[in-house]
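Right, one structure below, let's go through it.
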Amino acid sequence: MDPKNGSSFTGFILLGFSDRPQLEQVLFVVLLIFYLLTLLGNTSIIALSRLDPHLQTPMYFFLSNLSFLDLCYTTSTVPQLLVDLRGTDKSISFAGCVAQLFVSLWLGSTECILLGVMAFDRYAAVCRPLHYTVIMHPRLCALMASASWFIGFVNSSLHTVLTFLVPLCGRNKIDHFFCEIPPLLKLACVDTTVYESELFSVSVMILLIPVALITFSYGQIVRVVLAIKSASGQRKAFGTCGSHLTVVSLFYGTAIYAYLQPSNNYSQDQGKFISLFYTIVTPMVNPVIYTLRNKDVTGAMRKVLAGNKGARQHHLPRPSPSQNPKGNQFLPGNLLAPHKHPTLCFFGTIPPASLTLSRCRRAPPVADHRRRSKLSLPLPPTCTLPIHPS
């Protein structure tokens, strides 16, 4: 832009909720709590997916990406909003506005694609269970996640460039709480029909193509689940996909309302609250939905919260000299004393020349059923390994 078209000013003013001073005080407290819960919940999902081996699956790999997206997406808008709600200076620099628009569009577009990828993952898990590990290979999962980030980056770049090519003629008061496309186009001093048509076409591809993939995936899932004769099997299958479908409905419902409605029907007040919903409320409830409706996550969380107590309960000391007269060295935690855990048999670091496998027998039932259920381990054969002196 040249100075005539508004490049002489150095920034924008985010009006936000300045016309409602009492609402600003309430929003500050509520949004601060929501933001802290968002940070806590999504960070917990990422940490649990890394710490618990049972959660290192394609589903939780994509869920970790979604949690990271929500963390960054919320952080790109909410801190600026909290500062504006408490202070009188509501300005943002031109470069800051461009960066905020670019980052929020990048992360939002990536989430659109990623939710479609997660629907495909659920389709493979329910409809192709025997081929699931072959279909959702770790390399393919990484490729699909990377493609989601790349498509989001390209879409954000295109939207940002097209938006700031529109002449503003010195107008710099944005009737919104962050830099977003619809309120920025309201500042234009020229006809924006062509720009809006281009942006609408790109938005349709980013929003509706993943929605079509999700609809197809869940259509196939419902067909397969209804064919299951077991009621418990149906509940398990629907429970696996219910949390993801809830997240999809919350995110796409608000995003489609914000970006795919005609500009002449766009209400600034409604737009603010809708944007507030998908920038802070949806990222906050995502971890809650996945945690409360997922036994794997709740189980992993209980293990982590147990902490040192659980570690002490499962710690097994090395055999004493009386129990190990040959003086063999064992790997810590890899050899369980037979009288302590008769269902398990592990191998230590005994020289191969001194080992002779004499017999393997089925382990007797464990007397303490509570210990066996707590460990949740199968009953492999117990191998007796006598040590022959060399």
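Any chance you could run the full-extension gain for V190 through K173? It's 0.36 nm times the residue separation minus the Cα-Cα distance, nm to one decimal.
4.5 nm
Just to check I understand the Karplus step: with θ = phi - 60° and J = 6.51 cos²θ - 1.76 cosθ + 1.60, what whole-Hz values come out for segment 128-140, glycine and proline as x?
Couplings: 10, x, 6, 9, 4, 5, 7, 5, 8, 5, x, 5, 5 Hz.
Mind ordering 68-81, 100-113, 183-196 by average Cβ neighbours within 10 Å, highest first?
100-113, 68-81, 183-196
Among S49, V98, T133, pick out the residue whose Cα is farthest towards the positive end of the charge dipole of segment 1-135, where Lys and Arg carry +1 and Asp and Glu carry -1 on C-beta, about the Cα centre.
Going by the Cα projections, it comes out as T133.
Kindly rank 245-251, 200-206 from highest to lowest mean number of other beta carbons found within 10 Å of each residue.
With the highest mean Cβ count within 10 Å placed first, the list reads 245-251, 200-206.
Output wanted: per-residue J couplings in Hz (rounded whole) for segment 205-218, from phi through Karplus 6.51 cos²θ - 1.76 cosθ + 1.60, θ = phi - 60°, x for Gly and Pro.
5, 6, 8, 7, 5, x, 5, 5, 5, 5, 4, 5, 4, 6
Give, in nm to one decimal, the length gained when the segment between K295 and L130 is fully stretched (0.36 nm per residue of separation minus the Cα-Cα distance).
Extending this stretch completely gives an extra 57.2 nm.
What percentage of all Cα-Cα pairs in segment 130-215 are separated by more than 19 Å?
The calculated P(r) of segment 130-215 puts 55 percent of pairs beyond 19 Å.
In segment 123-231, carbon and sulfur make up what percent of the accessible area (probe 1.4 Å)?
Here it works out to 71 percent.
Taking the alpha-carbon distance from K303 and a cut-off under 17 Å, which aspartates and glutamates remain once sequence neighbours fewer than 8 residues away in the same chain are dropped?
Answer for K303, where 17 Å is the Cα cut-off: D52, listed by chain and number.
Quick one: which of 30-37, 82-89, 56-63, 18-25 comes out on top by average Cβ neighbours within 10 Å, and what's the full order, highest first?
56-63, 30-37, 82-89, 18-25
The values are calculated or read from the model by the stated rules, or taken from the named source; none is laboratory data. Just so we're clear, the structure is a prediction, and the values are computed from it rather than from any experiment. Don't worry about glycine lacking a Cβ; one is built from the backbone with ideal geometry, like all the others, and counts go over all protein chains shown. Keep in mind that these areas ignore ligands, DNA and RNA; they rest on the heavy atoms of the full protein, side chains included. Shrake-Rupley method; radii C 1.70, N 1.55, O 1.52, S 1.80 Å.
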